[in-house]
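The values are calculated or read from the model by the stated rules, or taken from the named source; none is laboratory data. Every value quoted in this text rests on a predicted model; they were computed, and no experiment measured them. Cβ: placed from backbone, ideal geometry, glycine included. Neighbour counts: every protein chain shown.
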Amino acid sequence: MTTTTSDQVSSTARHIEATEAYAAHNYHPLPVVLTSGEGAWVTDVDGKRYLDCLAGYSALNFGHSNPRLVARATEQLSRLTLTSRAFYNDQLGDFARALTRLTGKDMILPMNSGAEAVETAIKVSRRWGYEVKGVPADSATIITMRGNFHGRTTTIVSFSDDAVATTGYAPFTGGFRSAAYGDIDAIAAQIDDSVVGVLFEPVQGEGGVVLPPEGFLRDLRALCTERGILMIADEIQSGLARTGETFACDHESVVPDIYILGKALGGGLYPVSAIAANRDVLGVITPGSHGSTFGGNPLAAAIGTEVVAMLEEGTFQQRSREIGERLEVGLRALIGKGLVGVRVRGAWAGVDVDPALMSGRQVSEALMARGVLAKDTHGSTVRFAPPLVASHDDIDVLVSALADALEQGA
Ligand SMILES: *Cc1c(COP(=O)(O)O)cnc(C)c1O
């Protein structure tokens, strides 16, 4: 079927209007309507192609329509999708074993969204505090980092310092204290007998790809061990090859007590999340004390098992390092040419645009006009996280589109 250009233009407008009219305005999307994707590229309803440099906030590390994941999911989709945990299914055991192998932990607890996995980590840490550490009843406290992003539930926004995420949602959940990100002395100063753990992102993604000071992860590991509290790493965005290692904690050869995983664990096909920890921690969970209708369902488990198998081959981590190096060289060359800051870890970059030149949103719009999709965060910062299947040429497309956007303006 062929369509005329005016039909296609009106089709873009129609989809945007319907979304704005009938879906709540909890996002402010760029005005592009996507209809298909393959690898690092997506296509809009007019047939225009874009390099996807957001990759579903790193859920799409393995690329759009990854053939291996699509094949496994399709096969499972027509066989068995949901049993509930009232019964066993023939996929969850294999997934759990695979993910314990990848994380080096004894057990996992599967959930669906990232926020649910963070909630799970909070509940498990508190229970561990009471039952194992001996924290006084009802006083368990978790130290969180300023500038954090851990999701959107009422409890999680209770320790967010982003007014946009918290305004109008009080009353908040107690039991959290905060310290400056990367400041080991500030964290140590907050520890008392009520503290059960430190919840942190090894790289603050939503914060603008903020890297902790060198040595912070090692120091935090040592501090948590010394004080007998849990090191709780939210690797939902930083994990699963994004930074060039399986986990961002690997950059300092550090193993946290709890890994929180999500996003790429479902390959961008399906929401799959989990926490992984040893038996002394996850063993506090007993039947009925936590759960989810969809958590650990056979479709999720089948996809997750394939994701782990792909990560165990190490090729995506390697690829992330390779394209990441090229990305870093390209972006650093733009410092002084519109950029005032560049932070890169693997194939993950945050760039600060000279605020006198353009806002982050304007840069995103200018990039879109040049066939590159990216997302601004916090004013003048733009993030880049291309799918790890992106080629060197794709990275060059991204860098030259950014150079041109900064030079020409929106
Ligand atoms: C995206 C994200 C979450 C929340 O995941 P959802 O699937 O959106 O609930 C939590 N923590 C981090 C670090 C994230 O990037």
query = Just a yes or no: is a residue in region 193-201 surrounded by fewer than 21 Cβ atoms within 10 Å (Cβ to Cβ) and modelled with pLDDT of 95 or more?
reply = yes
One residue from 57, 27, 22 being touching a residue at least 40 places away in the same chain (Cβ under 8 Å), out of contact with any strand residue (DSSP E or B) (no Cβ under 6 Å at 6 or more places or on another chain) and not assigned by TED's automatic domain parsing to the domain that holds residue 274 = 57
ask   = Looking at 151, 168, which is the one that is within 12 Å of the ligand (Cβ to nearest atom) and either assigned to a loop (DSSP other than H, G, I, E, B) or more than 17 Å from residue 290 (Cβ to Cβ) (or both)?
value = 151
ask   = Just to be sure, is residue 276 among the hydrophobic types (A, V, I, L, M, F, W, C), more than 30 Å from residue 225 (Cβ to Cβ) and not in a loop (DSSP other than H, G, I, E, B)?
value = no
task = Those residues that are of a type in the set (A, V, I, L, M) and either within 13 Å of the ligand (Cβ to nearest atom) or in contact with a Pro (Cβ under 8 Å, 6 or more places away or on another chain) (or both), I need them from region 130-148; list them, please.
result = 145
Single residue of 80, 109, 102 found to be at pLDDT 95 or above and within 16 Å of the ligand (Cβ to nearest atom) = 109
request  = Would you mind stating whether residue 250 is within 17 Å of the chain's Cα centre (by Cα) and surrounded by fewer than 19 Cβ atoms within 10 Å (Cβ to Cβ)?
outcome  = yes
note = Subset of region 52-99, residues touching an Asp or Glu at 6+ places or on another chain (Cβ under 6 Å) and more than 15 Å from residue 389 (Cα to Cα), comes to 72
query = So, of the residues in region 221-239 that are under 16 Å from residue 145 (Cβ atoms), within 16 Å of the ligand (Cβ to nearest atom) and free of Cβ contacts under 8 Å to residues at least 40 places away in the same chain, which turns out to be surrounded by the fewest Cβ atoms within 10 Å (Cβ to Cβ)?
reply = 231
task = Kindly state which helices (runs of 4 or more DSSP H) lie completely within region 287-392 and contain at least 3 residues that are of a type in the set (S, T, N, Q) and out of contact with any helix residue (DSSP H, G or I) (no Cβ under 9 Å at 6 or more places or on another chain).
result = 315-332
ask   = When you look at residue 313, is it of a type in the set (D, E, K, R) and buried (at least 20 other Cβ atoms within 10 Å of the Cβ), yes or no?
value = no
Yes/no for residue 344 being in contact (Cβ under 8 Å) with a residue 12 or more places away in the chain, surrounded by 20 or more Cβ atoms within 10 Å (Cβ to Cβ), more than 25 Å from residue 241 (Cβ to Cβ) and touching a strand residue (DSSP E or B) at 6+ places or on another chain (Cβ under 9 Å) = no
task = For residue 174, indicate whether it is at positive phi, away from the ligand (no atom under 16 Å from the Cβ) and more than 20 Å from the chain's Cα centre (by Cα).
result = no
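Per-residue answers, yes or no, for (1) in the same structural domain as residue 156 (by TED's automatic domain parsing); (2) surrounded by fewer than 16 Cβ atoms within 10 Å (Cβ to Cβ); (3) assigned to a strand (DSSP E or B):
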site	(1), (2), (3)
73	yes, no, no
90	yes, yes, no
97	yes, yes, no
102	yes, no, no
105	yes, no, no
109	yes, no, yes
116	yes, no, no
